[in-house]
Every structure is written in structure tokens, then in C-alpha cells.
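Engineer: If you scroll down you'll find the structure; I have some questions about it.
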Amino acid sequence: MQAIKVRIDDHYFLFPDGFDFVFPDYVNEHKSTIRMYIAAGKETIEAMKNYGKTDTTELQKRTRLLKFELAEFKARTGIIGFPFDSRDVELYAASNGIDIVAFFDLS
């Protein structure tokens, strides 16, 4: 399997082969929502550190909404990496023999 590695701000993602979308246009169309989803994922991690001390109702609603908004994007691209899943892209690529054929910084 081959994949393209992409950086958006301080996060890295893999886009494996076998998915049909126009790169990088389709990713750029969703970049602002991806950034919001990344921020919500970071907030969720911080909230888990303070579990029970803060109300996370609004954060949970926002995270679910962003996940829903990006569901088609995830299905269409096969994106791998936090916050779309809990996989570290470097470890995932190494352990699954994925050949990273290109790197793009879309920050």
C-alpha cells in the first residue's frame, strides 16, 4: 500500500491509495473544518486530564457536530491520523508496511 503524508499545522495525516478524490483541492476545501476538529480533539484531551472538574457538554456537542460534518470527507479520503482516529501516522505506516510516496505541507 502507498500513501501521501500531509501536514496541516502541527498534525500529520496519511491519505492511502485506493480512494477517489482530487488532491489537494478536496483537502483544502475542508481544511478549516479539519482545523476546528483538531482544536476540539486537543480540548477533549485536556478535558480528560481534568475529568469531572469541568463541564464538557458543549465540547462534546461541538466535537460530534464536526465529526458528522467530516464523515463524508473521511469516507471519501480514507484519512488516517488524530483526531480522525487514534493512530500515529509514522507508527501506522511503519507497522503496516505503507510506502509514503510524497509529503505535502498544507498548513
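Engineer: Quick one: which helices (runs of 4 or more DSSP H) sit completely within the chain and have at least 2 residues that are open to solvent by less than 20 Å² (accessible area, probe 1.4 Å)?
Structural biologist: By residue number, 25-49, 71-77, 89-95.
Engineer: Let me ask you something else. Six or more apart or on different chains, Cβ under 8 Å: which pairs go from a residue in the range 14-32 that's small (Gly, Ala, Ser) to one that's open to solvent by 80 Å² or more (accessible area, probe 1.4 Å)? Could you list them?
Structural biologist: Between residues of the range 14-32 that are small (Gly, Ala, Ser) and residues that are open to solvent by 80 Å² or more (accessible area, probe 1.4 Å), the close pairs are 18/1.
Engineer: Here is a follow-up. If only one of 79, 98, 45 is of a type in the set (A, V, I, L, M) and farther than 30 Å from residue 21 by Cα, which one is it?
Structural biologist: Working: 79 fails: farther than 30 Å from residue 21 by Cα; 98 fails: farther than 30 Å from residue 21 by Cα.
It is 45.
The values are calculated or read from the model by the stated rules, or taken from the named source; none is laboratory data. Everything numeric in this text was worked out from a predicted model, so none of it was measured. For neighbour counting, all protein chains shown are included, and Cβ atoms are generated from backbone atoms with ideal geometry for every residue, glycine included. Side chains included, ligands, DNA and RNA excluded: accessible areas come from the protein's heavy atoms. Shrake-Rupley method; radii C 1.70, N 1.55, O 1.52, S 1.80 Å.
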